[in-house]
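The values are calculated or read from the model by the stated rules, or taken from the named source; none is laboratory data. Computed from a prediction, not measured in an experiment: that's the story for all the values here. In this analysis, Cβ positions are derived from the backbone assuming ideal geometry, glycine residues included, and neighbour counts consider all displayed protein chains. Ligands, DNA and RNA are excluded from the accessible area calculation, which covers all protein heavy atoms including side chains. Shrake-Rupley method; radii C 1.70, N 1.55, O 1.52, S 1.80 Å.
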There are 2 protein chains.
Amino acid sequence: MFSKGGKMGILYQQNYRVPFYESDTFKQMKISSLLAVALQISGEQSEALGRSDVWVAENYNNFWAVIEYELNIQRLPRFDEAIIIETEAISYNKFFCYRNFWFKNQEGKTLVKITSTWVLMNRENRKIERVADEIVAPYESEKISKIIRPHKFKKAASFEEAEAVVYPVRFSDLDMNGHVNNAKYYDWASDMVDFDFRKTHQPKQIFIKYNHEILYGTDIHAQMEFESNVSHHNLNDDSAQIEISWEKVSENQQ
Amino acid sequence: MFSKGGKMGILYQQNYRVPFYESDTFKQMKISSLLAVALQISGEQSEALGRSDVWVAENYNNFWAVIEYELNIQRLPRFDEAIIIETEAISYNKFFCYRNFWFKNQEGKTLVKITSTWVLMNRENRKIERVADEIVAPYESEKISKIIRPHKFKKAASFEEAEAVVYPVRFSDLDMNGHVNNAKYYDWASDMVDFDFRKTHQPKQIFIKYNHEILYGTDIHAQMEFESNVSHHNLNDDSAQIEISWEKVSENQQ
């Protein structure tokens, strides 16, 4: 469904009901599923606007890659909850495209807002390409000159007393692009956080940065360090960086 | 959507399109996703017939558990393919309920058929209960006296030169029931199969048996042994047993 409001890009909207297998042990939508579904819905908008992945590959030999996410979580959608997911390609500059997602309840209240940064990559040399106007024109997003400043993560070199886990990359971690699926990284990071802590704390804000793709046959060396209620995560020497701000859950939220 | 054909139970039908995040590196629907979606759709039928999990819990203090699957695969649904999923509670006896699933293409051809065996468990003592007629009546499945003979798996004790992998159970492996999600077991088993072999072979028939639930904090000790083109898998001393018959893929299928 399309609509064009006062905002810049074209808004694309989908109704969604959280299935059992996308719900975690606390009966809330998994954050990795949230990211996967968001990606799926932006793909649907692109197809509806005549800019499918196939079109982008055939006409420009490019493919889309998300390089950064920021999630702000009011509360997570719950199992079987009927929600509305909206997405909009907000703006773009020479190299970066900015897209937002809103997960809303039936009353239109935003439960989760995601901002994301995308690049177009060359399918052969896998390098970032300039954003061609023709690719992004149908989304009606604003062309800007400004580059939005990325989040500053704790670098691998500054992890001091990190906990470490090694995850072998498995077949089931891969997606159609032949590399580890984007959504997996969050699971690897958050699976290191103590279960009892997770019973009483919810992610409030999450930053994810993808710097290098990870292929089958690699081992993931994941590090984690807590600073008060923020967990810093680093995978394979800055290949991916994740930062999660945890908030104590009040009784009535659980 | 409901319909009542010549067959015994009430048929429940859903249109489905295979999303990106349920597609594997070969652009085919993941088998773990296939099982997860099947479960979801049987849950939807139950809800539509007034026999939701909540109803079963509140009125009988029971919950449903799948104890066995058999999958027969003509070909797997492909990424973005529009398919039709049908399910029907076929029959039941004193302790077991039998339900089928069909994944069909747009021409109505069955791509994957799943037969499954279910039990009702007591929520407190987690023991199998007798099937109450009132619970299953709305599905209009046939009451039978016969117990369908379960598949005979290679037992843990008869694994001789097995390959072994240890998988720690992670938070992201759990579902709302607080234990490892059913669909995970297949990933653990099949992730042990050589990648190059998987490039040229497809699962043709799969048997899965769940004997004991696995909780957080446990390690999964997975064993695998090949006998010609059949891989036998055993998790935690017969807690789960999986058998996969692999078929060489012809050029035009890939």
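At a Förster distance of 45 Å, what's the computed FRET efficiency of A:Asp238 paired with A:Arg78, Cβ-Cβ distance as r, to 0.05? Kindly include the intermediate steps, with their values, before the conclusion.
Numbers: r = 35 Å, r/R0 = 0.77.
So the FRET efficiency works out to roughly 0.80.
Below 17 Å, Cα to Cα, which aspartates and glutamates can A:Lys199 reach? Residues fewer than 8 away in the same chain don't count. Qualifying aspartates and glutamates at Cα under 17 Å: A:Asp24, A:Asp187, A:Asp191, A:Glu247, A:Glu251, B:Asp173, B:Asp175.
Normalising by the residue count of chain A, find the relative contact order in percent from Cα pairs under 8 Å and 6+ residues apart.
Numbers: 497 pairs, mean separation 46.7, N = 254.
With pairs under 8 Å counted, the relative contact order is 18 percent.
Averaged over its residues, segment B:151-254 has an accessible area of 46 Å² per residue, based on protein heavy atoms and a 1.4 Å probe. Looking at segment B:98-194, the GluC sites (Glu not before Pro) that sit in a DSSP loop and have at most 16 other Cβ atoms within 10 Å of their own Cβ are B:Glu107, B:Glu124, B:Glu140, B:Glu160, B:Glu161.
How high is the relative contact order of segment B:99-242, given as a whole-number percent (alpha carbon pairs under 8 Å, six or more residues apart)?
Numbers: 163 pairs, mean separation 32.3, N = 144.
After rounding, I find 22 percent.
Net charge near A:Tyr21, counting Lys/Arg +1 and Asp/Glu -1 over other residues with Cβ under 13 Å of its Cβ? Provide the component values of the computation, followed by the final result.
On the way: positive: A:Arg17, A:Lys27, A:Lys30, B:Lys30, B:Lys184; negative: A:Glu22, A:Asp24, A:Asp80, B:Glu22, B:Glu44, B:Asp173, B:Asp175, B:Asp187.
Value of the local net charge: -3.
For A:Lys152, the aspartates and glutamates whose Cα comes closer than 14 Å to its Cα, not counting residues fewer than 8 places off in the same chain, are A:Glu68, A:Glu70, A:Asp238, A:Glu243.
Once divided by 2.2 N^0.38 Å, the Cα radius of gyration of segment A:180-254 becomes 1.17. In chain B, the convex hull through the Cα atoms has an average projected area of 14.2 nm², a quarter of its surface area. For chain B, hydrophobic long helices are taken as DSSP H runs at least 15 Å long by C-alpha position along their axis with mean Kyte-Doolittle hydropathy of 0.5 or more; these are B:31-48.
Hey, if we sort B:Trp188, B:Trp118 by accessible area with the 1.4 Å probe, largest down, what's the order?
On the way: B:Trp188 0, B:Trp118 25 Å².
Greatest to least solvent exposure: B:Trp118, B:Trp188.
For B:118-128, what's the mean count of beta carbons from other chains sitting within 10 Å of each residue's beta carbon? Walk me through the numbers before you get to the answer.
Working: counts 0, 0, 0, 0, 0, 0, 0, 0, 0, 0, 0.
Taking all residues of B:118-128 together, the mean is 0.
Bridgeable lysines around A:Lys104 (alpha carbons under 23 Å apart, same-chain partners fewer than 8 residues away excluded): A:Lys4, A:Lys7, A:Lys27, A:Lys30, A:Lys113, A:Lys204, A:Lys248.
Quick check on chain A: helices-only [θ] at 222 nm, where DSSP H runs of length 4 and up contribute -39,500 (n - 2.57) each and the sum goes over total residues. Nearest 500, please.
Working: 5 runs with 45 residues, N = 254.
Helix contribution divided over all residues of chain A: -5000 deg cm²/dmol.
Segment B:59-100 and segment A:109-130 have Cα centres separated by 38 Å.
For segment A:92-213, the calculated P(r) over all alpha carbon pairs, in 5 Å bins from 0 to the bin holding the longest distance, is 2, 7, 12, 16, 18, 19, 13, 7, 5, 1, 0 percent. The three principal axes of the C-alpha atoms in the protein assembly as shown carry coordinate ranges of 74, 57, 49 Å, sorted with the longest axis first. The fraction of accessible area contributed by carbon and sulfur in the protein assembly as shown is 49 percent, rounded to a whole number (1.4 Å probe; ligands and nucleic acids excluded). Could you tell me the calculated FRET efficiency between A:Ala137 and B:Ser145, based on Cβ-Cβ distance and R0 = 45 angstrom, to the nearest 0.05? The pair A:Ala137/B:Ser145 has a calculated efficiency of 0.10. The residues neighbouring B:Glu247, those whose beta-carbon lies less than 13 Å from its own, together hold a net charge of +4 under the Lys/Arg +1, Asp/Glu -1 convention.
Each residue of segment B:1-147 gets 117 Å³ once the volume of the Cα convex hull is shared out per residue. Here the protein assembly as shown is assigned +1 on the Cβ of each Lys and Arg and -1 on the Cβ of each Asp and Glu. Its dipole about the Cα centre then comes out at about 1120 debye.
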